[in-house]
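Colleague: Structure in structure tokens, see below.
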Amino acid sequence: MSLKEHFTQAYISRGNVYVSLNSSEGYKKSKRDYCRALHYDPTNLTAHTNLGIALQSYGKMNEAWKQFTAAIHIDEKCCSALEARSIVNLQMGHLFGAFCDINTAVNLNPTSTMLTNRGVIQQYMKDPTNAMSDFQQAIAADPKYSLAYFNAANLYFNMRIFEKALRYYDLAVIHSKDDEGAVLNRAIAKVLLKDYEGALVDFDAAIKLNPFAAHSYFNRGNLHLTMGQNALAEEDYRKALSLQPNDSSSYSQLAVALGRQFKKVEALDNYKLAIKLNER
């Protein structure tokens, strides 16, 4: 590095490695390297964009926005910066700005990823028709892009069209078998369609993919409760609380499971805890 300090790509590459460490120290070092790259080449689009992404990942939204904007000023057709700025705009609640940026990016490069991201933004803008149109275009552009199926499924789910939601969750899982979110949401859709055994299989699979997700145990506990499996429900709620100790909903549901097993004193204690947490 010292022999070629003007070799900006070396700084950018090392910065990328630091970012991948996903630590505060890595973030500081990556920021330093990206800034060095920009010192030697102030018009380097990759350095601006990657610095912005690093800043975004640590919650520095305004600073990230400035880096993406700098890249766009250098090259108004820089799709990576337009896409990244649209996401920051969305995170900051600037929906119109987010839509303008992603729409420009789609017009320049209508990939399945860009189309899906525009669809998500249109969902936030309460435009489900155009959101679904984007998801369908994304699927047409890349029939194996699981995220487009997943977002289409979520949209159908929100519209309470559970049969179609289930079909699209199936397709999302087919193209990404390790997608915990798709498996979990498919389980919930199956519950609503009263396919309890199928839902239980999916909850088990989601927990296997991520055994540290409290909401998966909570939802499986709810299913056990619905199926009259009160002891299993109790076990799941306790596991959920071990992962997320201050969740009032888990205490409330645990109280229900305990009450159905005639553990009245313990059930009452958990109800009290749930009420206390809700009052905070």
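Colleague: Give region 159-172 a look and list any residue that's over 16 Å from Q136 (Cβ atoms), in contact (Cβ under 8 Å) with a residue 24 or more places away in the chain and surrounded by fewer than 20 Cβ atoms within 10 Å (Cβ to Cβ), or say none.
Modeller: F162, E163
Colleague: Quick check on region 250-264. Is at least one of its residues more than 25 Å from the chain's Cα centre (by Cα), of a type in the set (F, W, Y) and open to solvent by less than 60 Å² (accessible area, probe 1.4 Å)?
Modeller: In the first step, residues of region 250-264 are kept if they are more than 25 Å from the chain's Cα centre (by Cα); the result is 251-264.
Those left that are additionally of a type in the set (F, W, Y): 251, 262.
Subsequent filtering for residues that are open to solvent by less than 60 Å² (accessible area, probe 1.4 Å) retains 251.
Checked against the condition, which is being more than 25 Å from the chain's Cα centre (by Cα), of a type in the set (F, W, Y) and open to solvent by less than 60 Å² (accessible area, probe 1.4 Å), region 250-264 yields at least one hit.
Colleague: Could you grab me the full set of residues in region 36-51 that are surrounded by 24 or more Cβ atoms within 10 Å (Cβ to Cβ) and within 13 Å of A10 (Cβ to Cβ)?
Modeller: A37, A47
Colleague: Related question: Specify the residue that is nearest to N158 (Cα to Cα); the eligible residues are those in region 206-217 that are open to solvent by 40 Å² or more (accessible area, probe 1.4 Å) and in contact with a helix residue (DSSP H, G or I) (Cβ under 8 Å, 6 or more places away or on another chain).
Modeller: Quick first cut of region 206-217, residues open to solvent by 40 Å² or more (accessible area, probe 1.4 Å) only: 208-212, 215.
Still in the list and also in contact with a helix residue (DSSP H, G or I) (Cβ under 8 Å, 6 or more places away or on another chain): 209-210, 212, 215.
Values: L209: 24, N210: 24, F212: 26, H215: 19 Å.
Among residues in region 206-217 that are open to solvent by 40 Å² or more (accessible area, probe 1.4 Å) and in contact with a helix residue (DSSP H, G or I) (Cβ under 8 Å, 6 or more places away or on another chain), the one nearest to N158 (Cα to Cα) is H215.
Colleague: Of the residues F135, F162, F150, which single one is under 20 Å from V191 (Cβ atoms) and under 18 Å from the mean Cα position of the chain (by Cα)? Full working, then the answer.
Modeller: Numbers: F135 fails: under 20 Å from V191 (Cβ atoms); F162 fails: under 18 Å from the mean Cα position of the chain (by Cα).
After ruling out the rest, the residue left standing is F150.
Colleague: I've got another one for you. Could you give every pair whose Cβ atoms fall below 6 Å, whose first residue belongs to region 92-105 and is in contact (Cβ under 8 Å) with a residue 60 or more places away in the chain, and whose second residue is surrounded by fewer than 16 Cβ atoms within 10 Å (Cβ to Cβ) and outside any helix (DSSP H, G or I), counting only separations of at least 6 or pairs across chains?
Modeller: Close Cβ pairs (under 6 Å, with a partner that is surrounded by fewer than 16 Cβ atoms within 10 Å (Cβ to Cβ) and outside any helix (DSSP H, G or I)) do not exist here.
Colleague: What pairs can you find where one residue is in region 259-280 and in a helix (DSSP H, G or I), the other is of a type in the set (S, T, N, Q), and their Cβ atoms are less than 7 Å apart, with a gap of 6+ or different chains?
Modeller: Sorted first by the residue in region 259-280, then by its partner, the pairs are R260/N230; Y271/S252; A274/S248; A274/S252; L277/N246; L277/S248; N278/S248.
The values are calculated or read from the model by the stated rules, or taken from the named source; none is laboratory data. Here the structure is a predicted model, which is why all the values come from computation and not from measurement. Cβ: placed from backbone, ideal geometry, glycine included. Neighbour counts: every protein chain shown. Keep in mind that these areas ignore ligands, DNA and RNA; they rest on the heavy atoms of the full protein, side chains included. Shrake-Rupley method; radii C 1.70, N 1.55, O 1.52, S 1.80 Å.
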